[in-house]
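Below: one structure, written as structure tokens.
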Amino acid sequence: MELVNMMTLLNEATDDHKAVAAINVSNMETIMGVMEASEKTGQSVIMQIAPVQLEAHGITYEQIVSMIKLFGKSYQIKTCIHLDHAMAIDDCFKAIDAGFTSVMYDGTLVDFETNMAHTKKVVDYAHGHGVTVEAELGKVGGSEASEDEDMGYKTRPEDVAVFVERTGVDCLAVAIGNAHGFYTLEPQLDFALLHAIKDVADIPLVLHGGTGISVADIQQAIQMGIRKVNFFTEIDRAYVKGFVEAYEENKKIYMMHASEKARQAMMQEIINKIGWMRP
Ligand code: 13P
């Protein structure tokens, strides 16, 4: 495994007019599922984990980095370890110190000026360590792996140029009608807004909430400048579904069958998504 920062992957994607799939990982099987999918397809995949996941799984920043590095020794892939949705800047600093090669500061719960000031602090520290920074403007609806009905609010193009210039951020997550988790209504991406944002932002753009968005819409977004697409809920469901099915099929040696089936199911779903990244 070659571990790089996220800009390396996003710059390559820009040159190739494609995007990189970013998948949330949290344990041995999910790490192996992403690595195997990446190696099989020959396409880089971003491995990401959010502070809420680390907490839920009871693992530390250092442990996840060590795990990825250890398993990475067996795969011919290029990847980065990205912190997804850190709401506290201290979590970004912890991740950088632990060896993450990219972090997202999510300032959507604070006002615009505070978001800018916090992002700048993270950028200064991250860039001193060769680490990439993603930020978010507007607010992507929903919440990680929850049934939350929060629909968020859209990115304002008039905020984008000043934010990018003052913070020096590397890439930007946009809110254009996308939401985390399963959509209750068919998602309607606002492509006119994406166009307006791209016009004022000369950096790679990120689409969160990939679950439930059609392949046609995702590919149109990629053609318009999206360079990273986040997928979690759908992949997470494939993993758990595989686990439960194995339990139903094999009423013995539970963990062995379930882990294998869950990993394979997750990997197939990731391979599917990787195929969408080249319009
Ligand atoms: P989904 O869970 O909707 O695929 O979104 C994932 C995501 O955006 C992680 O940041």
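Things worth noting here:
- One residue stands out among those in region 76-91 that are more than 14 Å from the ligand (Cβ to nearest atom) and open to solvent by 10 Å² or more (accessible area, probe 1.4 Å): the one that is farthest from the chain's Cα centre (by Cα), which is Gln76.
- Residue pairs whose Cβ atoms lie under 8 Å apart, sitting 6 or more positions apart in sequence or on different chains, and linking a residue in region 237-252 that is under 20 Å from Phe182 (Cα atoms) to a partner that is open to solvent by 100 Å² or more (accessible area, probe 1.4 Å) and part of a helix (DSSP H, G or I), are Ala238/Gln268.
- Residue within region 255-265 that is within 14 Å of the ligand (Cβ to nearest atom) and out of contact with any strand residue (DSSP E or B) (no Cβ under 6 Å at 6 or more places or on another chain) present: no
- Taking each residue of region 180-193 that is closer than 20 Å to Ile226 by Cα and looking for partners that are among the acidic types (Asp, Glu) with beta-carbon atoms closer than 6 Å, six or more apart or interchain, yields His180/Glu144; Leu189/Asp217.
- Among the residues of region 6-25, the ones that are more than 11 Å from Met47 (Cα to Cα) and either of a type in the set (Phe, Trp, Tyr) or assigned to a loop (DSSP other than H, G, I, E, B) (or both) come to 4 in all.
- Residues located in region 45-64, provided they are in a helix (DSSP H, G or I), crowded, with 20+ Cβ neighbours inside 10 Å and among the β-branched types (Val, Ile, Thr): Ile64
- If only residues of region 185-239 that are in contact with a Gly (Cβ under 6 Å, 6 or more places away or on another chain) and of a type in the set (Val, Ile, Thr) are counted, the one that is farthest from the ligand (Cβ to nearest atom) is Val229.
- For region 26-44, the count of residues that are in a strand (DSSP E or B) and either within 16 Å of the ligand (Cβ to nearest atom) or open to solvent by 50 Å² or more (accessible area, probe 1.4 Å) (or both) is zero.
- Any chance Glu248 is open to solvent by 60 Å² or more (accessible area, probe 1.4 Å), more than 16 Å from the ligand (Cβ to nearest atom) and over 30 Å from Gly130 (Cα atoms): yes
- Residue in region 63-71 that is among the aromatic types (Phe, Trp, Tyr) and touching a Ser or Thr at 6+ places or on another chain (Cβ under 8 Å) present: no
- Residue, farthest from the ligand (Cβ to nearest atom), within region 154-184, restricted to residues that are open to solvent by less than 50 Å² (accessible area, probe 1.4 Å) and of a type in the set (Asp, Glu): Asp159
The values are calculated or read from the model by the stated rules, or taken from the named source; none is laboratory data. Everything numeric in this text was worked out from a predicted model, so none of it was measured. Using ideal geometry, Cβ is built from the backbone for each residue, glycine included, and neighbour counts are taken over all protein chains shown. Side chains included, ligands, DNA and RNA excluded: accessible areas come from the protein's heavy atoms. Shrake-Rupley method; radii C 1.70, N 1.55, O 1.52, S 1.80 Å.
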